[in-house]
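Colleague: Got a structure for you, written out below as structure tokens; questions coming shortly.
Only the coordinates and a few stated rules stand behind these numbers; no lab work does. The shown structure was predicted, so the numbers you read here are calculated from the model rather than taken from an experiment. All Cβ positions, glycine included, derive from the backbone under ideal geometry; neighbour counts span all protein chains shown.
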Amino acid sequence: MKSPDFLTAVGIGVSSLERSTAFYRDVLGMQVLRTFELDYMDEVMLAHEGRNAVVLMHYKDGSARNYRDNPVKLVFYVVDPAALAAKVRADGLEITHEPAPNASLGGSLVCLAKDPDGYVIELIQRPAKVAATSEAASVA
């Protein structure tokens, strides 16, 4: 049975809302759900349709913030890690682990990249069974 409580989003601090929004929207294919303007920060919430969100946060309260190379990893199941790796590279960002099969994930391709602030982006090929089930459900 599923818990009635759940994590709906994860927020990460970014140095540029514009640059990071463009990356998550244009490169990773997420949609902007909404924006927030608070006294101390601006936020952009993005998600793949029907999935959990990433909230990009940029503080504007004058406090010193470290937005670079924090030890954070965002993990995405994707249809084609190699195609997304090419888009990341075309966007001028780093691929730290080229797409390669991972035995512990049933041979699914796994790729590691960096977003504009150096957060690790892990792209995992969706398992064939999950992909086939999702496609069948969307046809019905």
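Colleague: Considering only the chain, what is the antiparallel percent among its DSSP beta bridges, to the nearest 5?
Modeller: 70 percent
Colleague: May I ask you to derive the FRET efficiency for Glu18 and Lys73 from their Cβ-Cβ distance with R0 = 41 Å, giving the value to the nearest 0.05?
Modeller: Calculated value: 0.95.
Colleague: For the range 31-39, just list the computed ³J(HN,Hα) in residue order, Karplus coefficients 6.51, -1.76 and 1.60, θ = phi - 60°, integers in Hz, with x standing in for Gly and Pro.
Modeller: With coefficients 6.51, -1.76 and 1.60, one gets 10, 6, 8, 5, 10, 10, 10, 9, 4 Hz.
Colleague: Turning to a different aspect of this structure: How long is the gain from Asn102 to Ala83 if the chain were fully straight, where each residue apart is worth 0.36 nm and the alpha carbon distance is subtracted?
Modeller: 5.1 nm
Colleague: How much of the DSSP bridge set in the range 1-73 is antiparallel, in percent, rounded to the nearest 5?
Modeller: Of all bridge pairs located within the range 1-73, approximately 70 percent are antiparallel.
Colleague: Shifting gears a bit: Hey, what number do you get for the chain at 222 nm if only DSSP H runs of n ≥ 4 count, each worth -39500 (n - 2.57), divided across all residues, to the nearest 500?
Modeller: That comes out to -5500 deg cm²/dmol.
Colleague: Let me ask something else. Output wanted: per-residue J couplings in Hz (rounded whole) for the range 73-78, from phi through Karplus 6.51 cos²θ - 1.76 cosθ + 1.60, θ = phi - 60°, x for Gly and Pro.
Modeller: 10, 9, 10, 10, 7, 9
Colleague: I'd like the orientation of helix 128-139 relative to the chain: the angle between its Cα long axis and the longest Cα principal axis, in ° from 0 to 90, rounded to 10.
Modeller: 80 degrees
Colleague: Test of understanding: what is the full-extension gain from Gln31 to Asn52, defined as 0.36 nm times their sequence separation minus their Cα-Cα distance?
Modeller: Full extension from Gln31 to Asn52 adds 6.4 nm.
Colleague: Continuing with this model, one more query. Here are a few candidate values for Rg/Rh (Cα atoms, Kirkwood Rh): (1) 1.00; (2) 1.15; (3) 0.98. Which one was actually calculated from the structure I just gave you?
Modeller: The calculated read-out lines up with (1).
Colleague: Here's another thing I want to ask about it. Whole Å is fine, so just give me how far the alpha carbon centre of the range 1-37 lies from that of the range 108-129.
Modeller: About 16 Å separates the Cα centre of the range 1-37 from the one of the range 108-129.
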